[in-house]
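Since every read-out is calculated from the coordinates, none of them should be taken as a lab result. If you're wondering where the values come from, they're calculated on a predicted model, not measured in any experiment. Note: ideal-geometry Cβ built from the backbone for every residue, glycine included; neighbour counts use all protein chains shown.
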């Protein structure tokens with residue numbers, strides 16, 4: 001027997017209910033039958049071509065956003081510099097780096113402008129010199145133009161964080177115009193500065209050093225300051241972070257003692273039974289000063305032919321005896337009794 005057909009009004013009600021139910025569903029069904037709720041993830045703040053920087057920075061450089069990779073949640077960026085007329089800008093090389101989106105957007109909160117990366121040229125800044133037409137040169141006239149030395153410039157630091165109460169070995173403080181004998185410090189308003197030890201300008205673009213972060217150092221962002229021996233300096237604000245991780249092993253120890261400063265020794269190591277020349281920089285050096293290597297379990301090793309060229313620089317020779325391996329303290333003693341010690345600054349292999 002045939003089933004009786006539904007009345008037309010009832011049939012239309014069923015269709016309307018089906019359409020309303022389908023429109024309100026906010027889930028999708030996968031091929032395996034599981035249901036995933038659709039969610040929206042906030043996207044990156046910066047777009048390709050944005051030039052961004054830390055609002056507190058006083059330098060003439062910023063970061064150019066090359067692109068964003070959603071898979072790794074990182075920006076690709078490159079350093080960009082101001083042109084002489086104050087426009088942005090140019091790049092010194094083709095290097096780029098990847099940085100987490102969270103760090104990039106936390107530190108560099110100011111969008112200066114936007115320029116397509118392809119429109120930013122790569123060039124070496126021109127050195128402006130006085131030019132004179134050949135027709136106006138007088139044979140007897142000689143003109144000398146003095147060029148001021150450029151100060152240091154900080155670009156980044158690796159690593160850029162450390163725990164209070166531990167020692168952090170900086171493997172690469174990247175920048176330009178670094179000089180031998182430079183000082184490196186961590187600085188934060190209202191806190192004692194943390195002075196790096198073992199500072200070595202490997203090249204004018206790279207410094208290695210060590211920070212012994214005190215256990216009571218405040219957590220948060222710190223500035224990195226590099227000061228060359230001529231007094232010129234650069235400060236990169238909020239580039240280094242100090243954390244207070246529970247259970248972090250304390251490795252804080254005294255690194256210097258005395259009133260005679262010792263900031264740099266080149267080279268910082270040698271071999272036993274090898275006669276070598278060394279240069280030491282610091283402060284308070286006096287004529288006829290003694291340079292001594294000290295270690296609790298071995299006899300002192302005194303340098304010979306010590307030549308004090310200024311109160312901040314001296315040269316000497318060391319010839320460690322056979323078997324004097326290990327880490328040694330450097331001690332400089334003036335004839336008036338003043339002295340300085342740099343603990344664990346020298347290694348004999």
Worksheet entry | Length gained when the stretch residue 161-residue 215 is fully extended (0.36 nm per residue, less Cα-Cα span) | 18.0 nm
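Given Cα pairs under 8 Å that are at least 6 residues apart, what percent is the relative contact order of the stretch 253-328?
32
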Practice prompt. Please work out how much length the chain gains when fully extended from residue 94 to residue 233, using 0.36 nm per residue of separation minus the C-alpha to C-alpha distance, in nm with one decimal.
Written response: 47.4 nm
Practice prompt. Could you state, as a whole-number percent, how many of the C-alpha pairs of the stretch 153-243 are farther apart than 24 Å?
Written response: 12
Worksheet item: Normalised by the residues of the stretch 153-243, what does the relative contact order come to in percent, with Cα pairs under 8 Å and at least six apart?
Response: 35
Discussion item. With an 8 Å Cα cut-off and a minimum separation of 6 or more residues, compute the relative contact order for the stretch 301-349 in percent.
Written reply: 29
Fill in: Cα gyration tensor, the stretch 50-119 - rounded (a/c under 1.5), prolate or oblate
oblate
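Test of understanding: what is the full-extension gain from residue 322 to residue 300, defined as 0.36 nm times their sequence separation minus their Cα-Cα distance?
Additional length available on full extension: 6.6 nm.
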Practice prompt. Enter the Cα centre distance for the pair the stretch 69-123 and the stretch 193-222, rounded to the nearest angstrom.
Written response: 26
Worksheet item: Rounded to the nearest 0.05, what FRET efficiency do residue 174 and residue 335 have when you use their Cβ-Cβ distance and R0 = 30 Å?
Response: 0.10
